[in-house]
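The values are calculated or read from the model by the stated rules, or taken from the named source; none is laboratory data. Since the model is a prediction, treat every value here as computed from it, not as a measurement. Reconstructed Cβ throughout: ideal geometry from the backbone, glycine too, with neighbour counts over all protein chains shown.
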Amino acid sequence: MTRALRNYPPGSCLHVIQRGDNRRACFHDDQDKAHYRGLLSEHSLRTGCDIHAYVLMTNHVHLLLTVHERNAQSQLMKAISQFTAHWMHVRNGTTGTMWEGRYHASLIDSEAYLLTCQRYIELNPVRAGIVSYPGHYPWSSYRTNAEEMVDDWLVPHGVYLGLGRDGPSRQSAYRALFELPLTESDLMRIRFAIQNDFAMRKPGKPGSDPRV
């Protein structure tokens, strides 16, 4: 089955993942992660992308974002890929490819899946066995969405804002969602969609893949 063409209009919410070349490490220490996060803050504004959630793992990155211009995610990923590769080569005296040639993107075409996908992203360090609680991992958006940490460059999605009337009530409601683990069905849907660049739609919606 061929991959869907990337043609995301303004307002599209996407789950984006980019991996290190051949699954190699793309971050070697906290300084590398801090530099990437700074670039994400800067270039998300420049390219017209609202970042709702993220996690920086050793050899890959997950983002949940909304584009304000058609296919703005392409400009964002291109800029960050170029600047991070330059940073790493200068810092470590290396050459060659840092990232896989093609990032993956899955359209979140159902509000029902948006917070599920956001939780999936922020739970990555827990599933990887790095921490037992997502708030213990400093390189994700969890502490901003669920606790009181402030990241001015993160933009909450409307679905998240609907969880409560103010910040504390939304954070409390969001934390409550983490009390129930993601189902195996949810995990399979998200992984299949992002690996194949499919949309996350309600089952049975016209145009959806029956396996998603």
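Evaluate region 151-160: report whether one residue or more is assigned to a helix (DSSP H, G or I) and farther than 25 Å from GLY11 by Cα. For region 151-160, residues assigned to a helix (DSSP H, G or I) and farther than 25 Å from GLY11 by Cα: absent. Looking at ALA112, ALA146, ALA128, ALA85, just one residue is hydrophobic (A, V, I, L, M, F, W, C), under 19 Å from VAL16 (Cα atoms) and without any contact (Cβ under 8 Å) to a residue 40 or more places away in the chain, and that residue is ALA85.
Among the residues making up region 32-81, those that are in contact (Cβ under 8 Å) with a residue 40 or more places away in the chain, touching a Leu at 6+ places or on another chain (Cβ under 7 Å) and within 11 Å of VAL155 (Cβ to Cβ) are SER44, ASP50, ILE51, HIS52, ALA53, LEU65.
Residue by residue through region 161-194, note down the ones that are closer than 16 Å to TYR133 by Cα and of a type in the set (A, V, I, L, M). Explain how you work it out, then say what you get.
Taking region 161-194 first, the residues closer than 16 Å to TYR133 by Cα are 171-172, 174-182.
If the condition is that a residue be closer than 16 Å to TYR133 by Cα and of a type in the set (A, V, I, L, M), then ALA176, LEU177, LEU180, LEU182 are the ones that fit.
Filter region 102-133 for residues that are modelled with pLDDT of 95 or more, over 15 Å from the mean Cα position of the chain (by Cα) and not small (Gly, Ala, Ser); which is surrounded by the fewest Cβ atoms within 10 Å (Cβ to Cβ)? This residue is TYR133. Filtering region 173-196 down to residues that are outside any loop (DSSP other than H, G, I, E, B) and among the aromatic types (Phe, Trp, Tyr), which residue is nearest to VAL159 (Cα to Cα)? Residue satisfying both the conditions and the ranking: TYR174.
Which ones in region 139-150 are of a type outside the set (A, V, I, L, M) and either in contact with an Asp or Glu (Cβ under 7 Å, 6 or more places away or on another chain) or assigned to a helix (DSSP H, G or I) (or both)?
In the first step, residues of region 139-150 are kept if they are of a type outside the set (A, V, I, L, M); the result is 139-145, 147-148.
Result: SER140, SER141, TYR142, ARG143, THR144, ASN145.
In the set (1) outside any strand (DSSP E or B); (2) under 25 Å from VAL67 (Cβ atoms); (3) touching a residue at least 24 places away in the same chain (Cβ under 8 Å), the condition left unmet by ALA25 is number (2).
Out of the residues in region 149-178 that are among the polar types (S, T, N, Q) and without any contact (Cβ under 8 Å) to a residue 12 or more places away in the chain, which is nearest to TYR36 (Cα to Cα)?
Within region 149-178, the subset among the polar types (S, T, N, Q) is 169, 171-172.
Subset that is without any contact (Cβ under 8 Å) to a residue 12 or more places away in the chain: 169, 172.
Numbers: SER169: 30, SER172: 29 Å.
The qualifying residue nearest to TYR36 (Cα to Cα) is SER172.
Has region 43-66 got any residue that is among the basic types (Lys, Arg) and under 20 Å from CYS26 (Cα atoms)? It would help to see each step written out before you state the result.
In the first step, residues of region 43-66 are kept if they are among the basic types (Lys, Arg); the result is 46.
Those left that are additionally under 20 Å from CYS26 (Cα atoms): none.
Within region 43-66, not a single residue is among the basic types (Lys, Arg) and under 20 Å from CYS26 (Cα atoms).
Can we say LEU161 is over 22 Å from ASP50 (Cα atoms) and touching a helix residue (DSSP H, G or I) at 6+ places or on another chain (Cβ under 8 Å)? So LEU161 fails the test. Scanning region 28-56 for residues that are of a type in the set (Phe, Trp, Tyr) and either in a strand (DSSP E or B) or more than 18 Å from the chain's Cα centre (by Cα) (or both) yields a single hit, TYR54.
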